């Protein structure tokens, strides 16, 4: 089995694939999440190595993912999450900028995303392997 046929097991691998053009960022991150949720013993290790810098939004997104998942699964966020990439100067809304959804995303976004000016739906990290449980912001989310 070659390297590209395996799912990325780390956030570093997600960034490497995106930079090399081996795999687009979104599908790579989704595959990482499948591995993360399916391999509980590897969760902390999967985020230990700082990802490569891709672009401002993706860098902020990877840091938010790591911080959020660490909080949900009760382990310390990797140190790199505090200063990974360049802080965003303008808010990014994951809905493509639809004005009608900006208020909803502002409310639903977990703190790890909001503090980086990233506004996503509360289900942004949902995958089929998750089960409902309260998240770190007190709202319903999904986890194993």
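One table, with the values for the structure above:
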read-out	value
10, 106, 81 arranged by Cβ crowding within 10 Å, fewest neighbours leading	106, 10, 81
Likely footprinting exposure, 45, 57, fewest C-beta neighbours within 10 Å first	45, 57
Gained length - residue 39 relative to residue 83, 0.36 nm times residue gap less alpha-carbon distance	13.1 nm
Residue-span extension gain [residue 106 to residue 55] - 0.36 nm each, minus C-alpha spacing	16.1 nm
Estimated distance in nm for a label pair at residue 98 and residue 9, the labels positioned 7 Å out from Cα along Cα-to-Cβ	3.8
Ordering of 34-41, 11-18 by packing [mean C-beta count within 10 Å, highest first]	11-18, 34-41
Principal semi-axes in Å for region 3-143 [√(5λ), Cα gyration tensor, largest first]	22, 19, 15
Net lengthening on full extension, residue 48/residue 30 (0.36 nm per residue, minus Cα-Cα)	4.7 nm
Ranked list, fewest to most other Cβ atoms within 10 Å of each Cβ, for 101, 69	101, 69
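Laboratory data are not the source of any read-out in this text; all were calculated from the coordinates shown. Predicted model only: the values in this text are computed from it and were never measured. Cβ atoms come from the backbone with ideal geometry, glycine included; neighbour counts cover every protein chain shown.
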